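Engineer: Dumping the structure here so I can ask a few things about it.
The values are calculated or read from the model by the stated rules, or taken from the named source; none is laboratory data. Just so it is clear, the structure is predicted and the values come from calculations on it, not from any experiment. A quick note on method: Cβ atoms are made from the backbone with ideal geometry, for glycine too, and the neighbour counts reach across all protein chains shown. What goes into the accessible areas is simple: the full protein's heavy atoms, side chains included, and nothing from ligands, DNA or RNA. Shrake-Rupley method; radii C 1.70, N 1.55, O 1.52, S 1.80 Å.
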Amino acid sequence: MDSVDQALFEAAQKVRANAHVPYSKFAVGAAVLADDGKIYAGCNVENAAYPQGCCAEASAISQMVGQGAKRITRVFVVGPGTKPVTPCGGCRQRLREFAALDVPITCLGEDGAPLHTTLGALLPHSFGPEFLL
Ligand code: THU
């Protein structure tokens, strides 16, 4: 892990401790580096009305946009288990709104090796803002 990934990892782990996951018990933390040089982090926030739950990546994006930043240059996701926790399909599309296809995404479980990938690899042939007329 390089120093940027290390900082993103620490931010994601810190916010992950506050995840509201009474239903899945699957606590996720996500951190994004924005083009303002700042790191924005978020955790998943579940709800008794299950579909109203919010993923960690969506929370991190909300933090970023609320602080005035619009472009993501790097992403880190960490969650439980031995497999790297990858963004769900919906969050891949959410990231697509604010990140270029070559943006690096690091995914990690509590144990095991990280997955180093990109948004373009996770969401091929994707639809984005530039398609709209
Ligand atoms: N979850 C995330 O927050 N991010 C991911 O990358 C994968 C899944 C959440 C959604 C739900 O609260 C829990 O993990 C189990 O799916």
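Engineer: Would you confirm, using the coordinates I've provided, whether GLN63 is more than 11 Å from the chain's Cα centre (by Cα), buried (at least 16 other Cβ atoms within 10 Å of the Cβ) and touching a residue at least 60 places away in the same chain (Cβ under 8 Å)? Walk me through it before giving the result.
Structural biologist: Numbers: more than 11 Å from the chain's Cα centre (by Cα): yes; buried (at least 16 other Cβ atoms within 10 Å of the Cβ): yes; touching a residue at least 60 places away in the same chain (Cβ under 8 Å): no.
Taking the combined requirement at face value, the residue does not satisfy it.
Engineer: Something else about it: Between a first residue in the stretch 116-130 that is open to solvent by less than 80 Å² (accessible area, probe 1.4 Å) and a second residue that is at pLDDT below 95 and assigned to a helix (DSSP H, G or I), which pairs have beta carbons less than 6 Å apart while being 6 or more apart in sequence or on different chains?
Structural biologist: Partner pairs satisfying both residue conditions: none exist.
Engineer: Now for a separate question. Looking for something farther than 18 Å from CYS91 by Cα and out of contact with any strand residue (DSSP E or B) (no Cβ under 9 Å at 6 or more places or on another chain) - is there at least one such residue anywhere in the stretch 11-23?
Structural biologist: yes
Engineer: Next question, about the same structure. Quick test of your reading of the structure: CYS55 fulfils all but one of (1) more than 10 Å from the ligand (Cβ to nearest atom); (2) open to solvent by 20 Å² or more (accessible area, probe 1.4 Å); (3) closer than 23 Å to PHE127 by Cβ. Name the failing condition by number.
Structural biologist: For CYS55, the exception is condition (1).
Engineer: Just for the stretch 21-38: of the residues that are within 7 Å of the ligand (Cβ to nearest atom) and among the small types (Gly, Ala, Ser), which one is farthest from ALA100 (Cα to Cα)?
Structural biologist: First pass over the stretch 21-38, keeping only residues within 7 Å of the ligand (Cβ to nearest atom): 21, 24, 26, 28, 30.
Now narrow it down to the ones that are among the small types (Gly, Ala, Ser): 24, 30.
Details: SER24: 31, ALA30: 17 Å.
My answer is SER24.
Engineer: Continuing with the same structure: Checking the conditions here, which among ALA17, ALA12 is within 15 Å of the ligand (Cβ to nearest atom), over 17 Å from ILE105 (Cβ atoms) and modelled with pLDDT of 95 or more? Show your work before the answer.
Structural biologist: Values: ALA12 fails: over 17 Å from ILE105 (Cβ atoms).
That would be ALA17, the only listed residue that is within 15 Å of the ligand (Cβ to nearest atom), over 17 Å from ILE105 (Cβ atoms) and modelled with pLDDT of 95 or more.
Engineer: Across the stretch 10-50, which residue is most open to solvent (accessible area, probe 1.4 Å) among those that are within 18 Å of PRO84 (Cα to Cα) and touching a Pro at 6+ places or on another chain (Cβ under 9 Å)?
Structural biologist: The selected residue is LYS25.
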